[in-house]
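S.K.: Once you've had a glance at the structure underneath, I'll fire off some questions.
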Amino acid sequence: RRYYEGLKKELIYSNSWPETFQRVFALLLGRNYFTATHLVHLRNRFFDFNVSRQLEKMDFDLFIGLSGSALYSIEKARRLGKVTVVDQHDIHYSLAAELLKTERELHPEFASSIPYWPPLKRYLECVEKELELSDFIFVPSSFSLKSHLDAGISKEKLILLLHGLNPS
């Protein structure tokens, strides 16, 4: 649904059915644990599967995938001898869970405004495997960097890459 000046249209592949499927079921079933976790994870697995199938047809040296939706593609890129990076767009998931739990306990009056459904075990296993297999991990802040270091991830693997902004 987006187009950026300078992108070559022949390099863009679109497959919207996994997201369409997930959104339709979320509308029909409402926002709940199943639609917020199971369906989103399933959508991400289908997206990743489709991306991984395209990699053999492409000429590239570096694969960058978004955490939680890149495991198959990282595995394929590694088999093809490419450098792999996972974009870990947040703090380490273990710290996120701890902070949300603490906030809900410290401020029960605000607990309902801090929605939190425990992540699926399959999702966490996927993220762990991505972090393990990737050559490098992008993290968006020094706080995120520290959370990944505290979780036992090697400093040599972590790359601090602040989120960009085009002020114009």
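S.K.: So is Ile91 among the aliphatic types (A, V, I, L, M), crowded, with 16+ Cβ neighbours inside 10 Å, touching a Ser or Thr at 6+ places or on another chain (Cβ under 8 Å) and part of a loop (DSSP other than H, G, I, E, B) or not?
M.R.: So Ile91 passes the test.
S.K.: Ok, one more. Scan the stretch 116-141 for residues that are in a helix (DSSP H, G or I) and open to solvent by 60 Å² or more (accessible area, probe 1.4 Å) and jot them down.
M.R.: Lys121, Arg122, Tyr123, Glu125, Glu128, Lys129, Glu132
S.K.: Going through the stretch 52-79 one residue at a time, which ones are part of a loop (DSSP other than H, G, I, E, B) and under 19 Å from Cys126 (Cα atoms)?
M.R.: Correct list: Ser67, Gly68, Ser69, Ala70.
Quick grid of which residues meet (1) modelled with pLDDT under 90; (2) open to solvent by less than 40 Å² (accessible area, probe 1.4 Å):
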{"site": "Gly6", "(1), (2)": "yes, no"}
{"site": "Thr20", "(1), (2)": "yes, no"}
{"site": "Phe46", "(1), (2)": "no, no"}
{"site": "Leu55", "(1), (2)": "no, yes"}
{"site": "Asp61", "(1), (2)": "no, no"}
{"site": "Ala70", "(1), (2)": "no, yes"}
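S.K.: Now a separate question. Can you name every residue in the stretch 17-66 that is among the polar types (S, T, N, Q) and farther than 26 Å from Phe138 by Cα?
M.R.: Thr20, Gln22, Asn32, Thr35
S.K.: Additional query: Among what's in the stretch 97-132 and is within 14 Å of the chain's Cα centre (by Cα) and not charged (D, E, K, R), pick the residue that is modelled with the lowest pLDDT.
M.R.: For the stretch 97-132, the residue satisfying everything is Pro119.
S.K.: In addition: Sort through Val40, Val83 and tell me the only one that's under 23 Å from Thr20 (Cβ atoms) and open to solvent by less than 70 Å² (accessible area, probe 1.4 Å).
M.R.: Just a single option satisfies the conditions, and that option is Val40.
S.K.: For the stretch 142-158: of the residues being touching a residue at least 40 places away in the same chain (Cβ under 8 Å) and surrounded by 14 or more Cβ atoms within 10 Å (Cβ to Cβ), which is farthest from Thr37 (Cα to Cα)?
M.R.: Among those residues, the one meeting the criterion is Ile153.
The values are calculated or read from the model by the stated rules, or taken from the named source; none is laboratory data. Computed from a predicted structure; not experimentally measured. Neighbour counts run over all protein chains shown; Cβ positions are idealised from the backbone, glycine included. The area values use the complete protein model at the heavy-atom level, side chains included, leaving out ligands, DNA and RNA. Shrake-Rupley method; radii C 1.70, N 1.55, O 1.52, S 1.80 Å.
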